[in-house]
Each structure stands twice: as C-alpha cells, then as structure tokens.
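Notes follow once the structure below has been shown.
The values are calculated or read from the model by the stated rules, or taken from the named source; none is laboratory data. Please read all numbers here as calculations on a predicted model, not as lab measurements. Cβ atoms come from the backbone with ideal geometry, glycine included; neighbour counts cover every protein chain shown.
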Amino acid sequence: MYTFARIKDVKTDFEHDWMYYIDNLIDLEYYHETVLKGMLTITLRDLIESSSRNYLGHCNTTIGGEFHSYCELTGQGEIKGFLDLSGQIISDQTKAILKYGAIVINHNHGYFPINYNFVVIEKKEAEEFPFEYTEKDIKITKWPEGSHYYAKIKNLDVKYYNEIKWNTYEIAYERSLWFLKQLNKIRT
C-alpha cells in the first residue's frame, strides 16, 4: 500500500499535485528497491552509453542530467559519480525523514521534506504506484518543417538502442512501445 499526499506551499499558497508520501525508512527503502531502481538502471546505462560515444550529457531521464552534471563538476567517471550521488541522495532523503518526519517524491523522482514551508492538505492510500508507464504516456513529436519524429514516455526520451529519431510516426510509436516494455520490465 502506498501513501500519497497533496501539499501546499505556505509561502506562495501553491498546491502541488499528488506525490508519494514517505514518513519512515522502511517505505523509503521499498521505494528505492522497487520504483527508483528501474530509473537509476536506465540512467547508469545512458551515462555509460553516452560516454562511450563521446556524447555525455544526453540521457533519457531527468535525473540523468543531474548525474551527468555531478560527474562533470566533480571530475569523476560515470560509475564512480553515479555511485557517489546515488548514495548521497539516499543519505539526504534519510536525514530529511529523520529531521522533518516525512518527504514527498514527485513524478520526476525529485523530493523535498515536509517542513515548515509545506502543509499536507490531503492524503490517500493506493495499492498501485501512479508513476507506472502506459501507452497513454507516449508522445510523438516532430519539429515544424522537420523530417524526423521524436518520442517521449512521460519525461523520458525514447531511445531504441542508439536511435532517438525516426523517419515515420509509425516507427517512432513502435520504438516507444518497445521502450515502454523495457521500462516496466526493469521496474518489476
């Protein structure tokens, strides 16, 4: 069972959409073992692939760019930087839960603590994690006057081996379905 919360920023009155609510270390460990594991696997694969092609920096995940920046700033290789930053994220999330009592995690896997800046305005329990990837999440785009099609699944660029653009909408959609299966296979 998962707990989700809608929170409000007390300074701006901005109400955030539903986020995963974690208030204990067992749920945090479960999140890392089940939900985040697939995203990190894809990120590490992308870091290594982009480095081997001298194209470091183009990753399929939002956090991939953060990992890339961390590797560049610290001068570390992809694997060492990845391990260091992954460990730091887990450590920081643990400290935030211990200090503030809870954190929330959004659909991009970004998080922040429920501290004096935020209040929970609504909570609900669900048996499924809403950040699953489905065909509804596929978006095929083409630049105006462009000849290639690009695809995303939620905030992830679709990548079929080293291909990221296709000549037809149908091929882009077909590659998206393949990528979708890879994402969901990794997460389970």
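Structure data summary
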{"item": "Filter result (polar (S, T, N, Q), touching a helix residue (DSSP H, G or I) at 6+ places or on another chain (Cβ under 8 Å) and in contact (Cβ under 8 Å) with a residue 60 or more places away in the chain) within segment 92-139", "result": "Gln93, Thr94"}
{"item": "Residues satisfying the stated conditions in segment 1-16, i.e. in contact (Cβ under 8 Å) with a residue 60 or more places away in the chain and more than 15 Å from Tyr116 (Cβ to Cβ)", "result": "Met1, Tyr2, Thr3, Phe4, Ala5, Arg6, Glu15, His16"}
{"item": "In segment 109-126, residue surrounded by the most Cβ atoms within 10 Å (Cβ to Cβ) [restricted to those that are at pLDDT 90 or above and aliphatic (A, V, I, L, M)]", "result": "Ile114"}
{"item": "Number of the exception - Ile89 against (1) touching a residue at least 60 places away in the same chain (Cβ under 8 Å); (2) of a type in the set (A, V, I, L, M); (3) crowded, with 16+ Cβ neighbours inside 10 Å; (4) under 30 Å from Val10 (Cα atoms)", "result": "(1)"}
{"item": "Cβ-Cβ under 6 Å pairs, at least 6 apart or on other chains, segment 21-36 side touching a residue at least 24 places away in the same chain (Cβ under 8 Å), far side assigned to a strand (DSSP E or B) and polar (S, T, N, Q)", "result": "Tyr21/Thr3"}
{"item": "Cβ-Cβ under 6 Å pairs, at least 6 apart or on other chains, segment 163-178 side at pLDDT 95 or above, far side hydroxyl-bearing (Ser, Thr, Tyr) and surrounded by 14 or more Cβ atoms within 10 Å (Cβ to Cβ)", "result": "Tyr169/Tyr149; Ala172/Tyr149"}
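Residues are listed down the side, and each one gets a yes or a no for (1) part of a helix (DSSP H, G or I); (2) at pLDDT below 85:
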site	(1), (2)
Phe67	yes, yes
Glu72	yes, yes
Lys80	yes, no
Leu85	yes, yes
Gln88	yes, no
Gln93	yes, no
Lys99	yes, no
Val104	no, no
